[in-house]
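One structure below.
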Amino acid sequence: MLQMLSAVSLPRPLSRHVDGLVLAFLRPETGREFDFSEPDGEAALMASDSVSWRLFKNPITVFIGGVTAVLLELAEPRVRDAVWQYSNFRTDPLTRLKRTGLAAMITVYGPRSKAEAMIAGVVRMHARVRGRTGDGEPYAANDPDLLDWVQTTANFGFLQAYQAYGRALAPDEREAYLREARRVGLLYGAVGTPGSQAGLDALFDRMRSRLVASPTIFEFLEIMGRIPVFPGPGRALQPMFLKAAVAILPGWVRDRLELDARYSLRPWERALVRSAAGASDRIVIASSPAVQSCRRLGLPADYLYRRAQPDIAVTG
């Protein structure tokens, strides 16, 4: 059974305020925001009717899924040391978070020429990242197995967060999303990124022996709880969003990382996160990459919010 989504438009003063917050978060260090509305008519790496376009329009599930992805990355010692030693996350976490968020939006919604140029720059930067873990194990950011894991963790996190807290996806939609993500992963050099649920499950099984607990994981969660990612009332929800990110980890991963009951969502917290994410999935934000990109392609601003979607109960 299909139901038609209804978009929600905010009152003009509130809409201007939210637009300003979105632009501020997506503004790079140069002080100039990326314009997703130009050049007119240029397609993105993914089609406008893709599952990815629908999924990434939700800022709350993208944040939750991004945290889940980083937890999985930090569980792998080589990735953990590369991220922690070569990034400025500990010294300037909000800037790092903005840069990562903008890169994800450009990958999904940006015009193809700019997205490809950005990805090529990331690949060149990764070529300089190499070293040894604290246990002496060598790593290089462009190692194929590390690239596969980093891409897979992101794909898993964003998909699971949207499924759990935004809108449920039918099995064929989940498979379509993983195929879309695999095509993008290839551009980053991740040739083994799973393009199916079966492939994703198999990779997680192969990684079981590699994933370990670390003080870095708890330091990351402490930092994410401290920095003002969400303004105003959203700030009070931020600790719940972090718990929501932990909640969608596979149970065996959570056990291995020693993420105990302190990081569990209470029933009322889960309901509140779902309510916030569900509302976020319906609110049209004029300055968001999703809406700007729709306009670039001559589509209505509410295009991604009024498409027919399966009427499936959210589980999890």
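In this structure, A170 does not satisfy being free of Cβ contacts under 8 Å to residues at least 12 places away in the same chain and over 23 Å from F241 (Cα atoms).
The number of residues in the stretch 213-244 being among the hydroxyl-bearing types (S, T, Y) and in a helix (DSSP H, G or I) comes to 1. Looking across the stretch 165-207, just one residue is in a helix (DSSP H, G or I) and β-branched (V, I, T), and that is V184.
Taking the criterion of being part of a helix (DSSP H, G or I), among the basic types (K, R) and touching a residue at least 12 places away in the same chain (Cβ under 8 Å), the residues of the stretch 245-284 that qualify are R256, R270, R274.
Do we have N88 as without any contact (Cβ under 8 Å) to a residue 24 or more places away in the chain, farther than 23 Å from M46 by Cβ and either part of a helix (DSSP H, G or I) or not aliphatic (A, V, I, L, M) (or both) here? Yes; evaluated as a whole, the condition is true for this residue.
When the stretch 68-87 is limited to residues that are of a type in the set (A, V, I, L, M, F, W, C) and surrounded by fewer than 21 Cβ atoms within 10 Å (Cβ to Cβ), the one that is nearest to D302 (Cα to Cα) turns out to be V83. For T193, the criteria (1) surrounded by fewer than 19 Cβ atoms within 10 Å (Cβ to Cβ); (2) free of Cβ contacts under 8 Å to residues at least 60 places away in the same chain hold in every case but one, which is (1). Can you tell me which residue in the stretch 127-152 is surrounded by the fewest Cβ atoms within 10 Å (Cβ to Cβ), limited to those that are without any contact (Cβ under 8 Å) to a residue 60 or more places away in the chain, part of a loop (DSSP other than H, G, I, E, B) and more than 22 Å from the chain's Cα centre (by Cα)? Of everything passing the filter in the stretch 127-152, G136 is surrounded by the fewest Cβ atoms within 10 Å (Cβ to Cβ).
Coordinate-derived values only; no laboratory data. Bear in mind that the values here come from a model prediction, so they are computed numbers and not experimental data. Cβ coordinates were reconstructed from backbone atoms using ideal geometry, including for glycine residues, and neighbour counts include every protein chain displayed.
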